[in-house]
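The values are calculated or read from the model by the stated rules, or taken from the named source; none is laboratory data. Because the structure is predicted, anything quoted here is derived from the model rather than measured. Counting neighbours? That spans all protein chains shown, and the Cβs are built from the backbone with ideal geometry, glycine included. Side chains are part of the model used for accessible areas, which takes the heavy atoms of the whole protein and leaves out ligands, DNA and RNA. Shrake-Rupley method; radii C 1.70, N 1.55, O 1.52, S 1.80 Å.
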Amino acid sequence: MRIFRYDKSFEGLLTAVFDAYARKTFPDKLLGPDDPLPLFVTECHQVVTDSAKADRVWRGVYARSSREVCHMLSCVWLSEMPACEELLLRYLRKVFDGSPAVVTDFSDPDVLAVKKLADKVMREREYMLMFVRFQQAADGTFFAPVNPRYNVLPLVVRHFSDRFADQRWLIYDVGRRYGYYYEQGRATEITLTGTETQIPEKLTEAQMADEERLFQQLWKNYFEAIAIRERINPTLQRRNMPRRFWRYLTEKQ
Amino acid sequence: MKEQILDKLTILAESAKYDVSCASSGTSRKNRPGMVGSASGWGICHSFSADGRCISLLKVMLSNNCIYDCAYCINRRSNDVRRATFTVEELVELTMGFYRRNYIEGLFLSSGVVRNPDYTMERMVRVVEKLRTEHRFNGYIHLKGIPGASRELIERAGLYADRMSVNIEIPTEQNLKRLAPEKDYRSVYEPMSYIQQGLLQSAEDGRRFRHAPRFTPAGQSTQMIVGATDESDRDILQLSSALYGRPGMRRVYYSGYVPVNAYDPRLPALKQAPLVRENRLYQADWLMRFYGFRVDEIVDEASPQLDLEVDPKLAWALRHPEVFPVDINRAEYELILRVPGIGVKSATMIVAARRNGQLTAAALKKMGVVMKKAQYFITCRELTMPGVQELRPEYVRRLLISPAGRKGADANQLSLFFPE
Ligand code: SF4
C-alpha cells in the first residue's frame with residue numbers, strides 16, 4: 001500500500017495532488033501526521049505543504065472545470081467528513097485525467113458524492129443564515145454562539161459582514177472553538193481564551209445590554225402570537241427547524 | 001412603555017397572522033455604505049412557528065382598529081377583540097432591534113382602516129420612510145396597499161417598499177361585495193394599477209437616467225381566500241393566470257379560509273381550514289410559474305376542481321397517457337419536466353448527465369428522481385416496466401394514491417409541498 005502523509009490542511013491536500021502527478025504515483029491512502037501506519041506499506045511519501053504548488057493545482061482545477069466546481073470542492077473539504085480527503089483526491093484525478101464533461105457525469109459515484117456532500121454543507125450554511133441569533137452584550141457587541149454540523153463559518157462571514165456592516169459582532173463556533181469577530185469593515189478569526197469552561201448559550205443579565213432582555217421577550221411574544229392555533233403542526237416545524245438548533249434559538253429557550 | 005409595547009406586539013401580530021404572504025423574496029441587494037442590512041434574492045426563513053410556517057418578516061399591523069366590517073376578517077369592526085395601535089417610533093425601533101439580532105429579514109406591514117384609507121396609508125408610509133431615511137434601513141420591506149388609497153400615497157410608498165400588495169381576497173366581485181360591503185374591485189384594482197404604473201415608469205426612467213429611484217423592485221403580490229365562497233379552482237386559477245400576465249405581478253397567495261367568524265351566516269360552516277385544497281392550488285400555481293403549464297391544462301370545464309387525492313402534475317399525466325412514456329435519454333428538457341416524480345433539479349441534472357452516456361434507472365434514482373412515481377411514465381436504459389399506457393391511468397392512479405391522500409380533504413399533516 002502506498003501512503004502519503006500530509007498536514008491535514010487544504011493546501012496540503014492540493015500539494016499532495018501536485019506531488020502525485022510529479023512522481024507519477026498515486027497514494028492508496030492519505031494519512032495525517034499522527035495517524036498510525038497500516039500493516040503493509042510499500043511506500044510512504046511525506047508531503048511538504050507548499051502554497052505555490054497548491055496554487056498551481058487549484059488554478060488547474062479552475063481552468064479545467066468552473067467556479068462552481070471549485071466552490072463545491074471547498075465545501076466538501078469544510079464538511080470535515082473522514083472520507084472526504086480521499087474523495088477529493090479521486091475527484092481531482094478525474095478532473096485532470098478525464099474529459100472536461102466528467103464534472104457533470106452524475107452517474108459516476110464520486111462526482112455524485114461530491115455534489116451531494118457539497119449540497120449538505122451548503123444546506124448547513126443556509127441554516128446558519130437562518131438561525132444565528134445575536135444577543136447584544138453590555139459593551140454593544142452582538143454575540144451569537146453556534147454549533148454547526150460542518151465547518152461552515154468561513155462560508156457565512158461575507159453574508160453577515162455585508163448585512164451587519166455597521167455593528168460589532170461575534171459569531172462563535174462552540175464545538176470547533178473559534179469564531180469571527182467583525183468590526184468596522186473587517187472580520188477577524190479569533191479564539192476566545194480562558195474558555196476551557198463552556199461558552200454560554202445565553203448571556204447573563206449582567207452581561208447584557210440594557211434593551212436586550214426586552215427584545216428577547218418581544219421576540220418570544222411575537223413567535224407565540226404569530227402561530228395559527230388551528231394549524232398546529234409540530235412535525236412540520238421540526239422538519240423545517242431541526243431540534244439541534246433549538247438550543248441557541250432565543251424563541252425556543 | 002415596556003409592558004405596553006409587549007402587549008401591543010402580541011395583539012398586532014395576532015391580528016396580522018392570517019395574512020399568508022410571508023416570503024421576502026425577489027430583491028437582491030448588497031449592503032450600501034453607511035446602511036444597515038441587505039436583501040438576499042430568495043427570502044431567508046429565520047424561524048418556524050408552531051404551525052410549521054416560515055417566519056421571515058416581522059409581520060404586524062400598524063393598527064387593528066378598522067371602520068370596515070369584512071365577514072372573513074377577525075378585525076372587523078363588529079368583533080369584540082382587543083385593539084391596539086403602534087406609534088410610528090415604536091414600530092421603527094422594533095423593526096431595527098429585531099433586524100440587528102438576525103430575527104428577521106425585514107418588515108411586513110399592514111393595517112386595519114383607521115378613519116379612512118388615506119389616513120391609514122399615510123401613517124404606514126411614514127414608518128417605512130423613517131426606516132429608510134433616518135435609520136438607513138436596507139433590509140426588506142413589504143407594504144400593504146390599503147384598498148382605496150390615493151395614487152399619491154401609493155407612489156410615495158413604492159419608493160421605499162421592496163414589494164407591495166393589495167389583496168383581492170375574494171375571487172369574484174359579486175362575492176366580495178356580499179362579504180365586504182364597503183369594498184369593491186375598483187378599490188383593489190386601482191391601487192394595484194398605480195403600483196404597476198410606478199414600476200413601469202421606474203423601469204423606463206432606469207433606462208434613461210443612471211440613478212433613477214427604484215420603485216417596488218420586488219414587484220407586487222396579492223392574496224385570495226379559498227373556501228369562504230363558492231368559486232371553483234378553475235375560477236381561482238384563471239384569475240391568477242390573468243394576474244400573472246400583468247407586468248410586475250410576482251406572486252398570488254392562497255389562504256385556506258380559517259373560520260374566524262363562525263357566527264356569520266354568510267360564511268360556510270367549516271370545521272377546519274381547507275388545507276389540502278390550498279396546497280393543491282399552490283402546486284398548480286407552481287406548475288404555471290416554473291413548469292410551463294397553461295391554466296387550461298390544469299383545470300378545464302370538464303374538471304373545474306383540482307384533484308385532492310393526487311397532485312396536479314400527476315393528475316395531468318394521468319389525463320394524458322398518450323404523451324408517455326418519455327425517453328429520458330432523448331426527450332427535451334420541457335418534456336422531462338412533465339414527468340411525475342421529476343422536479344426542476346433532477347430534470348436539469350438528467351439533461352447534463354446524459355451527455356456522458358445512457359442513464360440507467362439506478363442513476364436516475366441517485367439524482368433524486370422519485371422512481372415510485374416516474375417508473376410508469378419513462379423509458380431509459382434497463383427499465384422495462386409496463387407504463388401508464390399498458391396499465392391504464394385508473395390503475396396507476398390507485399397505485400400512487402398515498403394512504404394519507406386517501407383520507408381525503410381534511411388531512412392535516414401535509415408532507416409534499418411542491419409537485420415533482
Ligand atoms: S378592511 Fe381589512 S382589517 Fe378591516 S375588516 Fe376588512 S379585511 Fe379586516
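Worth pointing out:
- Protein heavy-atom accessible surface, 1.4 Å probe, per residue over the protein assembly as shown: 44 Å².
- Helical content of chain A, expressed as a calculated mean residue ellipticity at 222 nm, amounts to -14000 deg cm²/dmol (DSSP H runs of 4 or more residues, -39,500 (n - 2.57) each, divided by residue number, nearest 500).
- Separation between Cα centres of the stretch B:318-342 and the stretch B:156-219, rounded to whole Å: 38
- Size of electric dipole in chain A: Cβ of Lys, Arg +1 and of Asp, Glu -1, about Cα centre, debye, nearest 20: 740
- Within-10-Å neighbourhood charge of A:K252 [Cβ basis; K, R +1; D, E -1]: +3
- Quotient of the Cα radius of gyration of the protein assembly as shown and 2.2 N^0.38 Å, N being its number of residues: 1.07.
- Put simply, the C-alpha atoms of the stretch A:132-252 give a gyration tensor, and the ellipsoid matching it has half-axes of 26, 18, 15 Å, longest first.
- Think of the stretch A:132-252 as a dipole: +1 on every Lys or Arg Cβ, -1 on every Asp or Glu Cβ, centred on the Cα centre; then among A:G179, A:L218, A:V152, A:V152 lies furthest on the positive end.
- Rule-of-thumb Rg ratio for the stretch A:2-124 [Cα; 2.2 N^0.38 Å; N residues]: 1.03
- Test item: Cα-centred dipole of the protein assembly as shown, Lys/Arg +1 and Asp/Glu -1 on Cβ, debye: 700
- Between the residues B:T85, B:V125, B:L107, the greatest Cα displacement towards the positive end of the dipole of the stretch B:76-165, with unit charges on the Cβ of Lys, Arg, Asp and Glu, is found for B:T85.
- The stretch B:194-211 - phi-based ³J(HN,Hα) in whole Hz, Karplus 6.51/-1.76/1.60, Gly and Pro as x: 4, 5, 4, 5, x, 5, 5, 4, 6, 5, 5, 4, x, 6, 9, 10, 5, 10
- Whole-number D in µm²/s for chain A (Stokes-Einstein; Kirkwood sum over Cα pairs; 25 °C, 0.890 mPa s): 116
- Summary of the geometry: the stretch B:75-103 and the stretch B:227-292, compared by the centres of their Cα atoms, lie 27 Å apart.
- Chains A and B together bury some 5300 Å² of accessible area, summed over both sides, with a 1.4 Å probe.
- Two numbers describe the Cα atoms of the stretch B:3-291: Rg and Dmax, which are 18.2, 56 Å.
- Complex-versus-alone comparison for the stretch B:98-124, residues with a loss of 40 Å² or more in accessible area, probe 1.4 Å: B:F98, B:R100, B:R101, B:N102, B:Y103
- Electrostatic dipole magnitude of the stretch A:2-124 [Cβ: Lys, Arg +1; Asp, Glu -1; Cα centre; debye, to 20]: 340
- Across chain A, the mean sequence separation of Cα contacts (distance under 8 Å, 6 or more residues apart), normalised by length, yields a relative contact order of 13 percent.
- Hypothetical label at B:S193: residues of the stretch B:201-240 whose amide nitrogen lies under 20 Å (7 Å Cα-Cβ projection): B:201-204, B:216, B:219-223, B:239-240
- If you take all other residues with their beta carbon under 14 Å from the beta carbon of A:R149, and give Lys and Arg +1 and Asp and Glu -1, the sum is +2.
- The residues packed around A:T204, meaning those with a beta-carbon under 15 Å from its beta-carbon, carry a net charge of -3 if Lys and Arg are +1 and Asp and Glu are -1.
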